[in-house]
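What follows is a set of notes on a single structure, which appears directly below.
The values are calculated or read from the model by the stated rules, or taken from the named source; none is laboratory data. Nothing here was measured: the structure is a model prediction, and the numbers come from that model. Every residue, glycine as well, gets a Cβ built from its backbone with ideal geometry; the counts of neighbours run over all protein chains shown.
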Amino acid sequence: MRRKKKIKWLLLAWPVTLVCATLCILKYIEIKTDRLHDDIRDNIMSLFKDQTIHNSPYNESYCGFFDVVFYNYPVLHYKKINFPKSFSHLTSRPIELNNQDKIIDNFKKTYGDLSSLYALNWKDGLPTNNNVGWCLVRLFCTGGNDDEFLVQNYLFPYQVGLKRGSHTSIQEAVDGALQFYGTNTLSPYYERFRKGLVKELWSKINDSRNEYFMISRSDLPGRMFLGNPIPGAKPLDNNNEAYEAFEHGWMQSYFYRVFVASSQEEKYMIFKDETAINSDRNNLLMWWLIGLTIVFWSIMTPILVSQKKENKRKKETLKERLCRLCNPKEFVSNYDKERLDTANEIYNLLINLDEDNQDELSILANRAVNELDISLVDESEIEEMRKKANPSKYMEPYDAEKVRISNEAYSLLKQDSINYEDYLKAKSLLSKLI
């Protein structure tokens, strides 16, 4: 392929290559984003594969893993309260108010066998380690939307009911409830409740973060389906943030019933780090474009240099061409004493010869061809001249004069071995075809 054609194709291929590289990088980032998104979801969901209670009457609010925030603290600031007078607080769905028998039955199950009811007071309206005995934390993976992928809430006792004939203390009832949740096989938290378990899960969840995604606290409000709200109950989480509390069932024995509250759920989302994605994309684009540019110019530069040399040779005079070809340094690598002596002699005469002394130049040219086996004609230039001199190029539209000139030049160029004089004649003729 001729150098000009190579340069032309390279100049065409260069922007196309850049566009293709850009599109490929954008597609790569898209695929990588999807892969890393699936990775963090799959890795976290694998941690929660045993979070669900199978074949159990308990609803989703009992699923997840459970840990202890604090326990074995004295139960202080409790007070005796009256039993509720209204049945309506037992449901948050007004449609059930029409079913009075069911509501009355639920009321009897809740309070019918109790002789007294105690509220676990909170100093300043908030539970602390010194007045409710214990607090559990629950962590649950919804497996749903990224905006609420994980939910966390807190469980704690808020009321204690003593049954008829019971001499159990409030402290014993509260402690018994925690022991039941942690050790009894009938507990809805059994085998999913262990001290330090949620902390371990959070450590593994944080380790699941990757280049583009992490778990972050969501600003969306937590879900509120856990039960009826408990007036005045606002438990504290580990960040000392208050949340509204809801009824969350109870634990009971022959002597007492401990009512448990649940905080409103905190939501945790799969957060996409757009800054990291953009940085990765921009770095890839920058380095690929730099790399392709280096490759392009590493290919283009030698071609341009060769083309420049070729153009320069086309404009050479006979003396300049002889000086280049007969320079003694051209005969050192393939050493031949006689050829080197001849080249040295011819070159010494050339550098002191006048440019216009064509006769002497012709003599030296013949010596160079015969004694040094030098070709004064560049084959690539002859091939280019043959294409230009082909008479068929001037048949349509027909031009008699150009056909004559091209035919004469073409006959000179088609010789098996063309000498410098014929080369010059053909070059002169071709100049008339412009």
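Okay, residues lined up against (1) within 60 Å of the chain's Cα centre (by Cα); (2) crowded, with 16+ Cβ neighbours inside 10 Å:
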{"site": "Gln358", "(1), (2)": "no, no"}
{"site": "Ile363", "(1), (2)": "no, no"}
{"site": "Asn370", "(1), (2)": "no, no"}
{"site": "Asp378", "(1), (2)": "yes, yes"}
{"site": "Glu381", "(1), (2)": "yes, no"}
{"site": "Lys387", "(1), (2)": "yes, no"}
{"site": "Pro391", "(1), (2)": "no, yes"}
{"site": "Tyr398", "(1), (2)": "no, no"}
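Right, Leu318: of a type in the set (A, V, I, L, M, F, W, C), under 30 Å from Asn357 (Cβ atoms) and surrounded by 14 or more Cβ atoms within 10 Å (Cβ to Cβ) or not? So Leu318 passes the test.
Looking across the range 141-199 at every residue that is surrounded by 16 or more Cβ atoms within 10 Å (Cβ to Cβ), of a type in the set (Gly, Ala, Ser) and over 17 Å from Phe70 (Cα atoms), the one that is nearest to the chain's Cα centre (by Cα) is identified as Ser187. Inspect the range 256-266 for any residue being among the basic types (Lys, Arg), surrounded by 17 or more Cβ atoms within 10 Å (Cβ to Cβ), at pLDDT 90 or above and outside any strand (DSSP E or B) and give the result as yes or no. No - not one qualifying residue is present in the range 256-266. Within the range 1-54, take every residue that is exposed (fewer than 13 other Cβ atoms within 10 Å of the Cβ) and part of a loop (DSSP other than H, G, I, E, B) and give me the one that is modelled with the highest pLDDT. The qualifying residue modelled with the highest pLDDT is Lys49.
Table: residues versus (1) among the small types (Gly, Ala, Ser); (2) over 24 Å from Asp422 (Cβ atoms); (3) in the same structural domain as Leu429 (by TED's automatic domain parsing); (4) in a helix (DSSP H, G or I).
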{"residue": "Glu338", "(1), (2), (3), (4)": "no, yes, no, yes"}
{"residue": "Ala343", "(1), (2), (3), (4)": "yes, yes, no, yes"}
{"residue": "Tyr347", "(1), (2), (3), (4)": "no, yes, no, yes"}
{"residue": "Arg367", "(1), (2), (3), (4)": "no, no, no, yes"}
{"residue": "Tyr398", "(1), (2), (3), (4)": "no, yes, yes, no"}
{"residue": "Tyr410", "(1), (2), (3), (4)": "no, no, yes, yes"}
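Residues in the range 363-396 that are among the hydroxyl-bearing types (Ser, Thr, Tyr), under 29 Å from Ser306 (Cα atoms) and in contact (Cβ under 8 Å) with a residue 12 or more places away in the chain: Ser380 alone.
If we scan the range 121-128, do we find a residue that is touching a His at 6+ places or on another chain (Cβ under 8 Å), assigned to a loop (DSSP other than H, G, I, E, B), over 19 Å from Met269 (Cβ atoms) and assigned by TED's automatic domain parsing to the domain that holds Glu244?
Of all residues in the range 121-128, those touching a His at 6+ places or on another chain (Cβ under 8 Å) come to 121-123.
Now narrow it down to the ones that are assigned to a loop (DSSP other than H, G, I, E, B): 121-122.
If we keep only those that are over 19 Å from Met269 (Cβ atoms) as well, we get 121-122.
Applying the additional criterion that residues be assigned by TED's automatic domain parsing to the domain that holds Glu244 yields 121-122.
Checked the range 121-128: at least one residue is touching a His at 6+ places or on another chain (Cβ under 8 Å), assigned to a loop (DSSP other than H, G, I, E, B), over 19 Å from Met269 (Cβ atoms) and assigned by TED's automatic domain parsing to the domain that holds Glu244.
Within the range 301-329, count every residue that is acidic (Asp, Glu) and either assigned to a helix (DSSP H, G or I) or in contact (Cβ under 8 Å) with a residue 60 or more places away in the chain (or both). Even if it seems obvious, please write down each step before you answer.
Keep residues of the range 301-329 that are acidic (Asp, Glu), which gives 310, 316, 320.
Remaining after also requiring either assigned to a helix (DSSP H, G or I) or in contact (Cβ under 8 Å) with a residue 60 or more places away in the chain (or both): 310, 320.
Summing the residues that are acidic (Asp, Glu) and either assigned to a helix (DSSP H, G or I) or in contact (Cβ under 8 Å) with a residue 60 or more places away in the chain (or both) in the range 301-329 gives 2.
The condition of being farther than 19 Å from Ile44 by Cβ and either at pLDDT 95 or above or touching a Ser or Thr at 6+ places or on another chain (Cβ under 8 Å) (or both) holds for only one of Pro235, Pro221, Pro231, that being Pro235.
Taking the listed residues Lys425, Lys414, the one that is surrounded by fewer than 14 Cβ atoms within 10 Å (Cβ to Cβ) and more than 60 Å from the chain's Cα centre (by Cα) is Lys414, with no other qualifying. Taking residues in the range 410-434 that are at pLDDT 80 or above, and partners anywhere that are among the acidic types (Asp, Glu), the pairs with Cβ atoms closer than 6 Å and at least 6 places apart or on different chains are Leu412/Asp422; Leu429/Glu408.
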